[in-house]
1. Restricting segment 22-73 to residues that are β-branched (Val, Ile, Thr) and in contact with an Asp or Glu (Cβ under 8 Å, 6 or more places away or on another chain), which is farthest from residue 134 (Cα to Cα)?
2. Could you tell me whether any residue of segment 110-122 is touching a Lys or Arg at 6+ places or on another chain (Cβ under 8 Å), without any contact (Cβ under 8 Å) to a residue 24 or more places away in the chain, over 22 Å from residue 246 (Cβ atoms) and of a type in the set (A, V, I, L, M, F, W, C)?
3. It is to be established whether one or more residues within segment 132-142 are over 14 Å from the mean Cα position of the chain (by Cα), in a loop (DSSP other than H, G, I, E, B) and either farther than 22 Å from residue 224 by Cα or not small (Gly, Ala, Ser) (or both).
4. So, of the residues in segment 221-244 that are within 24 Å of the chain's Cα centre (by Cα) and among the hydrophobic types (A, V, I, L, M, F, W, C), which turns out to be nearest to residue 162 (Cα to Cα)?
5. Is one or more of the residues making up segment 28-43 touching a residue at least 40 places away in the same chain (Cβ under 8 Å), more than 20 Å from the chain's Cα centre (by Cα), within 21 Å of residue 187 (Cα to Cα) and assigned to a loop (DSSP other than H, G, I, E, B)?
6. Give me a count of the residues in segment 9-27 that are at pLDDT 90 or above, part of a strand (DSSP E or B) and within 14 Å of residue 149 (Cα to Cα).
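The values are calculated or read from the model by the stated rules, or taken from the named source; none is laboratory data. On a predicted model such as this, the values are computed, not experimentally measured, just so you know. Please note: Cβ atoms are built from the backbone with ideal geometry, for glycine as well, and neighbour counts cover all protein chains shown.
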Amino acid sequence: MNKLLKKITAPNGGVFTGEGTNTYFLGENDITLIDPGPNIPEHIENIYSEADGKIKRIFVTHTHTDHSPAALPISKELKIPMYGRLVDGKSEWEDETFKPDVVLNHGDHISTDEYSIEVIHTPGHASNHLCFYIKDFKCLLTGDHIMDGSTVVIGPPDGSMQAYLDSLELLKNYDIDYFAPGHGNYMQEPSKTIDSIVRHRLTRESKVLRCVGKNNKSNLDELLLLVYDDVPEVLHPIAKYSLEAHLIKLIEDGKVICLENNYSLS
């Protein structure tokens with residue numbers, strides 16, 4: 001790890017967030033605050049204490065309610081700009097308080113005397129999801145694109161399984177030593193991690209296809225029990241989002257059809 005990058009974790013642990021959302025501080029005297037997290041007073045006070053008045057800008061990887069709501073109050077209090085982008089459509093997890101002062105696009109570079117940040121647009125988990133590449137020490141801040149210890153939820157219509165897989169492949173073009181994820185611990189062996197995630201998703205997709213073939217004209221809830229029979233039922237409401245994303249991809253690939261909310265092989 002590098003001394004220019006520090007993190008604290010918000011007290012918002014749960015099924016979706018693990019131990020909580022990671023908030024990162026990049027820099028020593030010219031700090032970029034990345035993913036300030038939920039608008040929890042205790043967490044915001046911890047941010048102020050850690051940064052000691054040196055935050056110059058706020059970056060958000062995406063605008064789900066566990067990552068960006070603290071951005072607006074901090075921006076107003078410190079009179080600093082917010083950087084990010086908005087979703088293409090609607091999302092049930094959307095933080096509607098976030099309106100970027102600066103819209104970030106793929107390939108943008110922001111530099112200080114201490115470091116530089118390259119913006120990588122990585123849609124999939126969310127249409128506006130961004131990763132931040134710190135080339136100076138080969139670190140990628142991954143937000144919810146890659147998480148430690150859990151599978152990323154892909155929730156249509158804003159989430160897209162095909163876009164997610166494409167975004168994972170995109171990361172192979174960058175020289176990365178480790179990931180700094182939005183949830184969990186720092187992650188080593190980035191190439192192996194990406195390959196493992198892709199393999200897991202494609203294995204699950206194959207299972208979806210088999211289950212659709214064996215259970216012709218099944219609806220989403222019926223397929224959920226079959227495709228995720230290896231996942232605790234308490235997690236099925238979350239898995240249902242990703243199942244729908246898999247089915248949408250298979251329809252787009254011409255392998256599955258959906259008539260009256262029932263799925264069959266094409």
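1. Within segment 22-73, the match that is farthest from residue 134 (Cα to Cα) is 65.
2. For segment 110-122, residues touching a Lys or Arg at 6+ places or on another chain (Cβ under 8 Å), without any contact (Cβ under 8 Å) to a residue 24 or more places away in the chain, over 22 Å from residue 246 (Cβ atoms) and of a type in the set (A, V, I, L, M, F, W, C): absent.
3. The answer is yes, given that some residue of segment 132-142 is over 14 Å from the mean Cα position of the chain (by Cα), in a loop (DSSP other than H, G, I, E, B) and either farther than 22 Å from residue 224 by Cα or not small (Gly, Ala, Ser) (or both).
4. Once the filter is applied, the top-ranked residue is 243.
5. No, every residue in segment 28-43 fails to be touching a residue at least 40 places away in the same chain (Cβ under 8 Å), more than 20 Å from the chain's Cα centre (by Cα), within 21 Å of residue 187 (Cα to Cα) and assigned to a loop (DSSP other than H, G, I, E, B).
6. 1
A quick yes/no check of all residues on (1) without any contact (Cβ under 8 Å) to a residue 40 or more places away in the chain; (2) within 30 Å of residue 2 (Cα to Cα); (3) not hydrophobic (A, V, I, L, M, F, W, C):
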residue: 170; (1), (2), (3): no, yes, no
residue: 189; (1), (2), (3): yes, yes, yes
residue: 205; (1), (2), (3): no, no, yes
residue: 215; (1), (2), (3): yes, no, yes
residue: 218; (1), (2), (3): no, no, yes
residue: 235; (1), (2), (3): no, no, no
residue: 244; (1), (2), (3): no, no, yes
residue: 261; (1), (2), (3): no, no, yes
